[in-house]
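The values are calculated or read from the model by the stated rules, or taken from the named source; none is laboratory data. Quick caveat, the model's predicted, so the values are computed rather than measured. Note: ideal-geometry Cβ built from the backbone for every residue, glycine included; neighbour counts use all protein chains shown.
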Amino acid sequence: MILSDIRSFRHCHVLLIGLMWLACLPRDVQAQRPAEWNAAQIRLHLLKLGVLGKVLYIAAHPDDENTQLLAYLANGKLYETAYLSCTRGDGGQNLIGDEQGEEMGLIRTQELLAARRIDGARQFFTRANDFGFSKSADESLRFWGHERILGDIVWIIRKFQPDVIICRFPEDSRAGHGQHWASAVLAHEAFLAAADPHQFPEQLRYVKPWQARRLLWNTYRFGNVNTTNANQFHIDDGGFNTLLGESYGEIAADSRSMHKSQGFGVPRNRGSHEEYFVTIAGDPPVHDLMDGIATSWTALPGGEHIQQMIDSIQQHFQVDSPELSVPGLISLYRAIEQMPENRWKNQKLQEIDALIQQCSGLYIEATTDQPAVAPGQHFQLRAEIINRSHLPVTLTGIAYPGDTLSMRQPLARDEDQSFSREVVVPHTMPISQPYWLQQPHPVGYYKVQNQQMIGLPENPPAFSITCMLDIAGEPFRYTLPVVFKHTDPVKGELYEPFVVAPAVTVNPENKVYVFTQTAPVQVRVLVKAFQDSCVGYVQLKLPKGFQAEPEQQTYRLMHRGDETWLDFKVYASSIPSQSRTGIIQAVAYQQGKTYDKGYRLISYPHIPDITWFPPAEARAVLLPLQIRGSRIGYIMGAGDQVPEALRQCGFQVTLLQEQDVMHGNLAQYDAIVTGVRAYNTVPWLAYAQPILLQYVYNGGTLVVQYNNNFNLVTPQLGPYPFTLSRDRVTEEDAPVKFLLPEDPLLHDPNEITEADFDGWIQERGLYFVSQADARYRKPFSMHDTGDKPLDGSTLVADYGKGKYVYTCLDFFRELPAGVPGAFRLFVNMLAGRKRDLGSSTASHGKHDSR
């Protein structure tokens, strides 16, 4: 079904294939590269063969997991260890780029997988979507769907069959974040429900009920919060692993530092480290996490002989000749095959498969020199295999779906053999879309219909091949994915996922187009070909009241990878007195087919490239909008899309660098804006701040977007003192009270009403100001249900001849989402003071440096 119309081999005497799952070998930084274990890693896996026991760690988000405990359990105790993150972290804030929402979830998924390759654990997810900060478990479960996500956790418990389940958070408000709290509530419920055949019986078609022995809460010390005490059960997970040459604290730090998009780089630590636990359900441990749980083969029927065989292989292992262990591993494989069925049988056979391949010194890979291919098209597949041992290895066949080739090709020692083959992708093959993004989804959860996909961190590979080998007289089969391999002149040899793409993609240049008058707005569409001879035309599907000129444009892309820009002029027939929004959709028509997907490549050096195909859509925003001033200087912070949103309003936006601020002419700008968390992430703002405040005093407008109160580069964010808190308003529809109805911010140049706070997404704002100098005006008050009113979302101060604004409202989300009122309010913040001040509230010749 996956491969068809396969031509004969160019070199029939050579074949290459390998283990697909070895690409996720712990400690292998390059995710897609075939695994090559050194002798110490082989030794570690030999030791793991003799250990039975599984631990499942459960929390809410990427970066919630205790990487030190995971590293210790996986590499020290040698248990099968996994982390279940309820969400993919979609609502997080991005410190390395401007991706948000679904793309943030894609990045954090890969960061978690990168972390697991370091600490040795496995990774699972539910269908829950991180919709942003939540203040209660009830709110989180309402958005997620209580039964839906409970069912997902039950499913994963039944599939993974852990002996011990560990929560990161408590089942109450001490968890801090409502999603943290909800993860603990669900873990407790799932611990019980997984064993009940009457709960989620539809799953029993694939799995059996499973009762873990105990559920524990891993208590913690986070800053001033300490939920540990000496009476709790505790273990020391701070030891040193001689085979890996690192302490578990060092491994954990490297693992946690993979959460780069969240700024969670941490120092490595060494020495003793205590972990504390409270028993939530099941019998409490006394001496060990696995008290009362069989963790050796001797507890299984026929297992004593298996344990003896494993002990002998471990005892006779030679680091300079791992191949000498292969006969013993083959005998062990056959012995386990003959055992009665048990929950460890298949997993241990897979582990032995991998050990035989690694001890035999077999290097095997399947690659292509193209990153993507369209259905119906062909690509060149190159396979490579090397037998780097003295063992007799014979290639006996290679299997493709629907096609198996048999042969007997001895693989001589250290002979690098390869073959090429042209492969055709079936017309019916789906594109490589992340399975949780294949359907539109509401806030709170992803729609996944295939039960077998739920829990998986990512899609199975688009293509895989299987080879049959005779190793020391015994047959083995190995499967591995086809990957994209290329060489970068700086980074060297790189491996990335190989994807199936639409024949052609269409990308609107911007996510939002703002219409403030009937004059045309240019909508550019990038057309990209993923096959040869792409000839067709593109049309824009527009909301009512719009028209495009021309109605359609043709494209002619003769080679795979070619791309071209098409320009449309889009008109709004009129600008209504009330704002409204709609969707602009780009559609390509080619050979009787329609294509309505865009193309996005997300590339960062610490994770594999991510390719996905979002809907080819942009948001059209019609709003009555007046702007005053035209030139904006913008200092990027942690990465956002506000500059482009401002350009859509008609501003000329210049991105300012250090030299521009320190030595440039700031007076040329009508306003200067600092991006989100700029004072956390831009070190030079510490000594540029006096210059920016002098710019304000001289008559400029400075708008500072929100910052975190942790690791500020300067405590003086404004002309007068104020203090940041952790307060936030998470209900995006929370009522907003106008405390200063006559304030110019609400009238100049646009009349701001309560309607301008309609349609906001995810939240109102975060990290509000808690205390502020009396010279700041506070125009708004808002609060979540049941909370006290907060007046620290926005501060405005007249300073010298200019205006200073500090805002915690999350414009970095609202403007890219095309929220009309957010545009109008932000434009008012940018507007300079109109009145002649005469005597200012700050009448000094220089700015106040307090």
Of those in segment 510-536 that are basic (Lys, Arg) and within 27 Å of the chain's Cα centre (by Cα), the residue surrounded by the fewest Cβ atoms within 10 Å (Cβ to Cβ) is Lys511
Among Gly120, Gly76, Gly105, which is the only one that is closer than 21 Å to Glu250 by Cβ, surrounded by 24 or more Cβ atoms within 10 Å (Cβ to Cβ) and outside the structural domain of Lys447 (by TED's automatic domain parsing)?
-> Gly120
Looking at Thr279, Thr219, which one is in contact with a Pro (Cβ under 9 Å, 6 or more places away or on another chain), within 30 Å of Asn711 (Cβ to Cβ) and either surrounded by 14 or more Cβ atoms within 10 Å (Cβ to Cβ) or of a type in the set (Lys, Arg) (or both)?
-> Thr219
Number of the exception - Gln350 against (1) under 30 Å from Pro62 (Cα atoms); (2) in contact with an Asp or Glu (Cβ under 9 Å, 6 or more places away or on another chain) | (2)
Mind telling me which of the residues Leu324, Leu329 ends up being buried (at least 18 other Cβ atoms within 10 Å of the Cβ), more than 30 Å from Ala194 (Cβ to Cβ) and at pLDDT 95 or above?
-> Leu329
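Yes or no, residue by residue, for (1) in contact with a strand residue (DSSP E or B) (Cβ under 8 Å, 6 or more places away or on another chain); (2) of a type in the set (Ser, Thr, Tyr); (3) closer than 18 Å to Gln68 by Cβ:
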position	(1), (2), (3)
Gln199	no, no, no
Glu202	no, no, no
Lys208	no, no, no
Arg213	yes, no, no
Asn226	no, no, yes
Arg256	no, no, yes
Would you mind stating whether Ile752 is in a loop (DSSP other than H, G, I, E, B) and closer than 18 Å to Val805 by Cβ?
-> yes
State the number of residues belonging to segment 680-701 that are under 22 Å from Pro744 (Cβ atoms), without any contact (Cβ under 8 Å) to a residue 60 or more places away in the chain and either in contact with an Asp or Glu (Cβ under 9 Å, 6 or more places away or on another chain) or not hydrophobic (A, V, I, L, M, F, W, C) (or both).
-> 0
Given (1) buried (at least 16 other Cβ atoms within 10 Å of the Cβ); (2) small (Gly, Ala, Ser); (3) within 30 Å of Leu56 (Cα to Cα), index of the condition Ala372 fails | (3)
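Just checking, which of Met829, Met782 is over 26 Å from Val514 (Cα atoms) and of a type in the set (A, V, I, L, M, F, W, C)? Break it down into steps so the answer makes sense when it comes.
Numbers: Met829 fails: over 26 Å from Val514 (Cα atoms).
Going through Met829, Met782 in turn, the sole match is Met782.
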Any residue at all in segment 669-676 that is surrounded by fewer than 21 Cβ atoms within 10 Å (Cβ to Cβ) and either touching a Gly at 6+ places or on another chain (Cβ under 8 Å) or free of Cβ contacts under 8 Å to residues at least 12 places away in the same chain (or both)?
-> yes
Give the residues of segment 714-761 that are acidic (Asp, Glu), under 28 Å from the mean Cα position of the chain (by Cα) and surrounded by 13 or more Cβ atoms within 10 Å (Cβ to Cβ), sorted by residue number.
-> Asp727, Glu731, Glu732
Looking at segment 702-714, is at least one residue without any contact (Cβ under 8 Å) to a residue 24 or more places away in the chain and either under 22 Å from Gly832 (Cβ atoms) or not in a loop (DSSP other than H, G, I, E, B) (or both)?
-> no
For Glu275, the lone unmet condition from (1) not assigned by TED's automatic domain parsing to the domain that holds Ile96; (2) not in a helix (DSSP H, G or I) is (1)
So is Ile398 under 30 Å from the mean Cα position of the chain (by Cα), buried (at least 17 other Cβ atoms within 10 Å of the Cβ) and in a strand (DSSP E or B) or not?
-> no
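Given the options Gly786, Gly792, name the one that is on the phi > 0 side of the Ramachandran plot and assigned to a loop (DSSP other than H, G, I, E, B).
Gly786
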Taking segment 167-201 and the residues there that are in a loop (DSSP other than H, G, I, E, B), within 24 Å of the chain's Cα centre (by Cα) and at pLDDT 95 or above, the one that is farthest from Gln123 (Cα to Cα) would be Phe169
Filter result (buried (at least 23 other Cβ atoms within 10 Å of the Cβ) and of a type in the set (D, E, K, R)) within segment 164-186 = Arg168
Has segment 805-818 got any residue that is more than 31 Å from the chain's Cα centre (by Cα) and at pLDDT 95 or above?
-> yes
Go over the candidates Gly629, Gly639, Gly675 one by one and state the one that is farther than 28 Å from Ile583 by Cβ and small (Gly, Ala, Ser).
-> Gly629
Is it the case that segment 676-692 has a residue that's out of contact with any Leu (no Cβ under 6 Å at 6 or more places or on another chain), closer than 18 Å to Leu830 by Cα and in a loop (DSSP other than H, G, I, E, B)?
-> yes
Out of all the residues in segment 428-437, is one or more part of a loop (DSSP other than H, G, I, E, B), over 30 Å from Leu106 (Cβ atoms) and touching a Leu at 6+ places or on another chain (Cβ under 9 Å)?
-> no
Subset of segment 302-326 (residues that are farther than 14 Å from Leu46 by Cα and in contact (Cβ under 8 Å) with a residue 40 or more places away in the chain) = Asp320
